[in-house]
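A quick write-up on the structure given underneath.
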Amino acid sequence: MTSTTNFTAEAAKAALSDVLTALEAPENVQKLNAAKENSGNEMLKTMQFVFPTVMQIQMEVIKKYGFPDGREGAVQFAQFIRSLEKDDTEVAKLHAQVRSYFLPSVPVNSSTDASL
């Protein structure tokens, strides 16, 4: 268990990878599929059913990384991840994968790619 004050990009990558692994566990896939079924294609219902399921799974994982149990730990974790993903593309990529469980994918603006 690590102290959250020393939460590094490496720890963030490990935590996000563990969250993804937990989200892919058979029992959690079943929970997520049920939540998605309940929400249909409606964003409001997705936030009502799917988001809390993803957060519950994430909270179980991040406790192992020194974050407090419950909402406070989830908020702290999110803040650390947001600050780290600005400087670390791997953290950003992993965080996007976690978010994809409850947020629809946003199309990439191809005009920005052309300027590279």
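Readers should treat all values here as calculations from the given coordinates under stated rules, not as data from a laboratory. Please read these numbers as outputs of a predicted model, since none were measured by experiment.
Some points to look at:
- Those lysines that a straight Cα-Cα span of less than 23 Å connects to LYS45, excepting residues fewer than 8 apart in one chain: LYS31, LYS36
- Hydrodynamic radius (Kirkwood) for segment 9-102, which is based on Cα pairs only, to one decimal in Å: 13.5 Å
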